[in-house]
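Remarks on the structure that follows.
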Amino acid sequence: MHSQKMKEQNFSVSLSENWHFTIDPNDLLQLYEIGADLPETTIHATGSWEEQGFGSKTDHEPIGTWKKEREYEGVAWYVKDVFVPEEVSDQYVFLVLRGVRWHTELWIDGMFVGKGESLSSHHRFDITSCIQAGKKQRFVIRVDNTMKYSLHESHIHSYHTSTNWGGITGGIALETEKPYTIQDIHLIPDVKKKSVELRVKIDRRKCQDMSGWTLIAKVIQHDGIMDAEALEVIPALEVIPEEKNGHFVKQHLHIQLGDEAIFWSPDNPYLYELELILRHHDEVYDVKKTTFGLRNLETAGRQILLNGKPIFLTGYVDCCIFSHKRDIQYGM
């Protein structure tokens, strides 16, 4: 039997404040080395380098656009000694960087962990094998905001639109995850059959007790009434090896929504709620929730069809609009 139950929830610890920081214009520093000196200045991972006073003051006066008071393009380093809580000893642990521009590398106690590259999604590093619960360890992050592709002056990277800012602006967190949980949910709506197919990926890395697992899927309407339900017993031996990520089980479930199923459309953007419950020996072990719309997009000649009917796509765009408020997805 596994000792972890639903009451032992995953947790997140913010590490956003007070990182030792320095820019590295010539890309010569190796602050990940054991015994390397800590930078004297500090920074918070809740704003760009420039808005926290790093970089060179600008003396140009661009026409028809805005300008920053400071600018810096190059490599910068974040260094912090982090106490790893005892509570993470039996969980998967991740370091999550949000709102990053652009390329990142991570070391823990001199050990290289991995690289990240994204302007839109979080940089998420699996650090489970690198940490020691109950001890203080040195985390070193290298951030590089230089352009690596032939995208200079493309819309999002132009000086008129966003400039080449740099840094970690949405925070840094230490996050945990119980083992053997639901890892991925792929939903495939079928408008003609008024149903939804679920493809669910469940972690089985180092799982010793493979028997007694069941997966329950519930589709719930806005008023809280359960619309449909499906149950699947997870085979004890059907494990799919993956070279980089260990072993997983992939389960398929099919849920019929019935004749009164509600289609999604721009005029009626109705979303169903899906609740997946993973049980082990009749006890709830993990619960994941998401939403979905019952809709189908396809083409017919030069037309785009939504749920079998022609639709005209419309959109909205703001250019050169800079709000003083932070992006709400970063909780700031």
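The values are calculated or read from the model by the stated rules, or taken from the named source; none is laboratory data. Note that this is a predicted model, so its numbers are computed, not measured. Please note: Cβ atoms are built from the backbone with ideal geometry, for glycine as well, and neighbour counts cover all protein chains shown.
Criterion applied to Leu119, Leu95, Leu151 was being aliphatic (A, V, I, L, M) and without any contact (Cβ under 8 Å) to a residue 12 or more places away in the chain, and the one residue passing it is Leu151. Going residue by residue through region 55-74, is there one that turns out to be among the hydrophobic types (A, V, I, L, M, F, W, C) and surrounded by 13 or more Cβ atoms within 10 Å (Cβ to Cβ)? Scanning region 55-74 turns up no residue that is among the hydrophobic types (A, V, I, L, M, F, W, C) and surrounded by 13 or more Cβ atoms within 10 Å (Cβ to Cβ). When the residues of region 246-290 are filtered to those that are surrounded by 15 or more Cβ atoms within 10 Å (Cβ to Cβ) and β-branched (Val, Ile, Thr), the one that is farthest from Ile225 (Cα to Cα) is Val249. Could you tell me which of the residues Pro241, Pro235 is at pLDDT below 85 and either in a loop (DSSP other than H, G, I, E, B) or touching a Phe, Trp or Tyr at 6+ places or on another chain (Cβ under 7 Å) (or both)? Going through Pro241, Pro235 in turn, just one is at pLDDT below 85 and either in a loop (DSSP other than H, G, I, E, B) or touching a Phe, Trp or Tyr at 6+ places or on another chain (Cβ under 7 Å) (or both): Pro235. Here Gly114 fulfils each of the conditions (1) touching a Phe, Trp or Tyr at 6+ places or on another chain (Cβ under 7 Å); (2) touching a residue at least 24 places away in the same chain (Cβ under 8 Å) apart from (2). Checking each residue in region 121-175 for being on the phi > 0 side of the Ramachandran plot and either in contact with a strand residue (DSSP E or B) (Cβ under 9 Å, 6 or more places away or on another chain) or surrounded by 14 or more Cβ atoms within 10 Å (Cβ to Cβ) (or both) picks out Gly134, Thr163, Gly167, Gly171. Among the residues of region 291-305, none is identified as surrounded by 11 or more Cβ atoms within 10 Å (Cβ to Cβ) and at positive phi. Against the conditions (1) touching an Asp or Glu at 6+ places or on another chain (Cβ under 6 Å); (2) aliphatic (A, V, I, L, M); (3) assigned to a strand (DSSP E or B), Ala133 satisfies every one except (3).
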